[in-house]
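The values are calculated or read from the model by the stated rules, or taken from the named source; none is laboratory data. Because the structure is predicted, anything quoted here is derived from the model rather than measured. Please note: Cβ atoms are built from the backbone with ideal geometry, for glycine as well, and neighbour counts cover all protein chains shown. In case anyone asks, the SASA skips ligands and DNA or RNA and just uses the protein heavy atoms, side chains included. Shrake-Rupley method; radii C 1.70, N 1.55, O 1.52, S 1.80 Å.
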Amino acid sequence: MSDVSSANLGNERVLYGYWRSSAAYRVRIALHHKNLPFENVPVSLAKGEQRSAEHLARNPQGLVPALVDRGATFTQSLAICEYLDEAYPDTPRLLPSHPAERAGVRAMAQLVACDIHPLCNLRVLNYLEAEFGQDAGGKKAWVARWLHDGLAALETLAEPVAGDYLFGDTVTLADVFLAPQLYNARRFDVDLAPYPLLRRIDETLTELPSFRAAEPSRQPDAQ
Ligand SMILES: N[C@@H](CCC(=O)N[C@@H](CS)C(=O)NCC(=O)O)C(=O)O
């Protein structure tokens, strides 16, 4: 985060993302779910724009997303979603009010954000190819390995607490992180048959306007 002094507060809200980035997809869902209008500025991962000086000034990690809100720049999709939930408390909440429930929802979101996604992102797959000679098949097998590991645990975690959604009967941060991860899984042809609960919830999510509006194929930079 940068520039949070009230002197710099602006009205602009800009999401720097990429249509197929699942981390940017999470933030799009959260913004739509909270009815917070934003400008979507593409940073092409295909062209390597995430490593441009302009983008590194927003996010020194050279990753998307970055969100500018009220004059401050935020990175890390989980931190951004939690920021939005706290900064705009009068919009639909993504975290429950009860501490134990909050911890349950965060555990699910973090399982995806910290334990599945980092192993399967572009720079890791590029590294596997460049340093270890992995072809498309090898990279798919790698992704499937880590996705199955995480999704199996998520299915088990969800069984006692799922309702219409992954944690209870209202949309939470857990759902915001589930849908993009399953999109990624399909992209890599990972078999989702062993996860009937996750698939049932994902189907419900695809019917929600906020989730639909955030879908990769609906973004202006989609190819
Ligand atoms: N933990 C970060 C992960 C961000 C991330 O890995 N973004 C990917 C796209 S999903 C990216 O920008 N990859 C570019 C690259 O690997 O060069 C977050 O949740 O924001």
Exercise. What is the distance, in nm, between label points placed 7 Å from the Cα along the Cα-to-Cβ direction at residue 156 and at residue 100?
Worked result: 2.1
Exercise. What distance in nm separates the simple spin-label points at residue 128 and residue 188, each placed 7 Å from Cα in the Cβ direction?
Worked result: 0.5
Exercise. Which parts of region 173-208 would a label at residue 13 reach, counting a residue when its backbone N lies under 17 Å from a point 7 Å out along Cα-to-Cβ?
Worked result: 173, 176
Exercise. If contacts are Cα pairs under 8 angstrom and at least 6 residues apart, what is the relative contact order of the chain in percent?
Worked result: 24
Seminar exercise, completed: Exposed-loop cut sites defined as GluC sites (Glu not before Pro) in DSSP loop states with at most 13 other Cβ within 10 angstrom; longest site-free run of the chain spans 13-206
For this session: Return the lysines within reach of residue 47: Cα separation strictly under 28 angstrom, same-chain partners fewer than 8 residues apart disregarded; answer none if there are no such residues.
Result: 139, 140
Exercise. Under 12 Å from the 7 Å Cα→Cβ point of residue 164, by amide nitrogen: which residues of region 176-209?
Worked result: 204-205, 207-209
Exercise. P(r) of region 137-183 in 10 Å steps, Cα pairs, percent per bin?
Worked result: 25, 48, 20, 7
Problem set entry | Structure-based [θ]222 nm, the chain - -39500 (n - 2.57) summed over DSSP H runs of at least 4, per residue, nearest 500 | -15000 deg cm²/dmol
For this session: Add +1 for every Lys or Arg and -1 for every Asp or Glu among the other residues with Cβ under 11 Å from the Cβ of residue 158, and state the total.
Result: -2
For this session: Take the alpha carbon atoms of the chain, find their radius of gyration, then divide it by 2.2 N^0.38 Å using N residues; give the quotient.
Result: 1.00
Exercise. Each residue of region 21-38 in turn: what ³J(HN,Hα) in whole Hz from Karplus with 6.51, -1.76, 1.60 and θ = phi - 60°, glycine and Pro shown as x?
Worked result: 6, 6, 5, 5, 4, 4, 5, 4, 4, 4, 5, 5, 4, 8, 6, 9, x, 8
Exercise. With N residues in region 99-208, what two-decimal value do you get for its Cα radius of gyration over 2.2 N^0.38 Å?
Worked result: 1.11
For this session: Using a Gaussian network model of the chain whose springs link C-alpha atoms within less than 10 Å, name the residue from 175, 135, 149 with the highest mean-square fluctuation.
Result: 135
Exercise. Out of residues 5 or more away from residue 162 or on other chains, whose amide H comes under 5 Å of its own, with H placed 1.01 Å from N in the peptide plane?
Worked result: 168
Problem set entry | Extended-chain gain in nm, criterion 0.36 nm per residue less alpha-carbon gap, residue 56 and residue 87 | 8.7 nm
For this session: Whole number in Å², please: accessible area per residue of the chain, 1.4 Å probe, ligands, DNA and RNA not counted.
Result: 48
Seminar exercise, completed: Amide H contacts under 5 Å for residue 41, restricted to residues at least 5 apart in sequence or on another chain and with H modeled in the peptide plane, are 15, 16, 17
Exercise. Taking N as the number of residues in region 102-153, what is its alpha-carbon radius of gyration divided by 2.2 N^0.38 Å?
Worked result: 1.29
Exercise. Considering only the chain, what is the antiparallel percent among its DSSP beta bridges, to the nearest 5?
Worked result: 65
